[in-house]
Amino acid sequence: MNAMRPSPRPLRLPVAPLLLLMLAALAAFGGCSSATRVVVPNPLPPLSAVVLSPDTDTLLVGGNRQFTAVALDTLGQPVPGAGFQWTSGDPGVFTVNLSGRVTAVGDGSAWLYAQAGGYRDSASVFVYADSGWIVQTSHTNRNLNGVFFLPDGREGWAVGDAGTIMHTTDAGVTWANQVSTTSTNLNGVSFTDPNTGWVVGNLGTVLVTVNRGDTWARVQLGIGENLTDVYFANPDSGCAVGSAGAVLRTVDGGLSWGKQNITGLTLRGVAFADGRRGWAVGDNGEIFGTSDAGLVWTRVQPAITALALHGVSHRTAAYAWAVGPQGAAPQTVDVGGVGFWQYQNIGSLNDLEDVHFPSDVLTGYAVGFNSSGLILKSEDGGQSWTRQVSNTSRRLNDVHFVDRLRGWAVGDAGTIVHTSVGGLR
């Protein structure tokens with residue numbers, strides 16, 4: 001579970017002595033109101049440290065754990081009867097009472113703090129919702145086509161048909177609609193920071209927000225192609241792809257956009273390994289690569305498949321994966337630090353819509369449809385795939401993970417499923 005711990009770990013910093021004086025002053029007036037609960041600790045000798053244990057823990061939502069803290073004097077000996085101030089780094093993940101008892105509230109990770117005598121220590125607490133994929137209530141019946149979460153795994157967006165934009169700040173426990181100002185189908189979403197995000201859709205629709213989606217504004221580009229996907233590698237460099245081989249490109253954070261049509265076929269997915277190297281995939285097995293942030297695109301020839309490719313994930317310069325209908329799952333092989341595409345099929349009944357390798361070149365997920373919602377997981381870089389229980393009958397259209405364990409998939413009829421343990425039971 002080390003991948004779930006927030007980082008960096010806060011240092012054990014002394015707290016200003018003024019805080020103790022303020023507490024004492026408050027205690028002097030504590031009798032004035034029965035609603036005020038002030039605990040006046042016994043005077044402490046000079047301390048050298050506070051030690052909190054355990055220093056990490058993992059809890060199921062609704063679970064409890066008692067943490068303990070020990071105050072050490074200047075000789076390193078425990079101080080009996082020391083009182084502590086307990087604080088949760090995120091009450092949406094867990095709460096803590098006056099004695100250090102933690103109650104898990106929502107999916108995520110946060111820091112627990114214990115403080116006394118001008119010193120404090122911290123422990124990381126990871127909370128997960130279930131042991132597999134769970135269905136979340138999206139509050140929409142529109143088809144959802146794209147999903148994106150911030151690295152904290154708490155705040156995310158899902159976009160879909162008829163201008164649908166859904167937003168969550170608690171890892172999907174609750175979803176709320178945001179006003180998109182459009183009725184066109186929306187197909188892709190990407191954020192560059194917690195405030196700034198981009199959404200693309202049909203009829204050349206490009207939307208931008210600078211306030212977490214509280215308001216969305218349409219970017220007037222004067223284009224008519226249906227845009228299918230968008231990817232920002234950093235706050236400056238972004239690309240969107242769509243019908244008629246359209247590629248939109250910005251290198252100034254969206255202040256200006258350029259467009260080129262690199263093929264007559266529809267491009268359906270785009271991803272970058274960094275600010276310069278990326279891949280775009282589409283119909284008839286089209287694969288294009290760029291090494292200059294999308295200024296020039298080069299077609300992979302000869303084509304490795306005639307099947308459409310709907311999604312692509314690009315982890316490093318040498319490693320990328322693509323997926324499509326009828327089990328199409330080509331991937332690159334590393335030849336001297338350069339990725340060369342080779343064809344792979346992972347089952348002709350598997351209609352695949354998207355793929356994501358979030359944090360390394362071994363663990364990845366692909367989603368789509370095969371008699372029900374399809375979720376496949378690979379732990380060997382795409383050489384083999386294992387089907388997981390999706391708990392939905394609906395087609396899944398997009399998948400996004402913030403690390404190798406926490407991810408979301410969205411699909412038809414407002415379907416959203418989530419795992420916080422890599423989807424395995």
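The values are calculated or read from the model by the stated rules, or taken from the named source; none is laboratory data. No experiment lies behind these values; they were computed from the predicted model shown. Every residue, glycine as well, gets a Cβ built from its backbone with ideal geometry; the counts of neighbours run over all protein chains shown. What goes into the accessible areas is simple: the full protein's heavy atoms, side chains included, and nothing from ligands, DNA or RNA. Shrake-Rupley method; radii C 1.70, N 1.55, O 1.52, S 1.80 Å.
Start at zero, step by 5 Å, and the Cα-Cα distances of the range 336-425 spread as 3, 15, 26, 26, 17, 8, 4, 1, 0 percent across the bins. For A176 and L98, the difference between the fully extended length at 0.36 nm per residue and the C-alpha to C-alpha distance is 24.8 nm. Surface analysis of the chain yields an accessible area of 43 Å² per residue, using protein heavy atoms and a 1.4 Å probe. Think of the chain as having a plus end and a minus end, set by charges on the Cβ of Lys, Arg, Asp and Glu; of F232, A328, P151, P151 sits farthest toward the positive end of this dipole.
Please report the orientation-averaged projected area of the range 89-203, defined via the convex hull of its C-alpha atoms, in nm².
Values: hull surface 36.6 nm².
For the range 89-203, the mean projected area of the Cα convex hull comes to 9.2 nm².
Using a probe of 1.4 angstrom, how much of the accessible area of the range 221-319 is carbon and sulfur, in percent?
Working: 1880 of 3840 Å².
Its accessible area is 49 percent carbon and sulfur atoms.
Label sites at S183 and V219, each approximated as a point 7 angstrom past Cα along Cα to Cβ, lie 2.5 nm apart.
Coordinate range of the alpha-carbon atoms in the range 147-209 per principal axis, descending: 33, 22, 15 Å. With just the Cα atoms defining each centre, how far is the range 246-266 from the range 69-119? Give it in Å. Answer, in whole Å: 51. Which residue fluctuates the most in the chain, going by a Gaussian network model with Cα springs under 10 Å, if the choices are F401, F272, F340? Its mean-square fluctuation being the largest, the pick is F340. Can you give the angle from 0 to 90° between the axis of helix 17-28 and the longest principal axis of the chain, with both taken from C-alpha atoms, to the nearest 10? The helix 17-28 is inclined about 60 degrees to the chain.
Look at the alpha carbon pairs under 8 Å that are at least 6 residues apart: their mean separation over the length of the chain gives a relative contact order of 11 percent. Ligands, DNA and RNA aside, E155 has an accessible area near 20 Å² when probed at 1.4 Å.
Taking only the C-alpha atoms of the range 294-343, the Rg (one decimal) and the largest Cα-Cα distance, Dmax (whole number), read 11.1, 32 Å.
Across all C-alpha atoms in the chain, the radius of gyration and Dmax reach 25.0, 83 Å.
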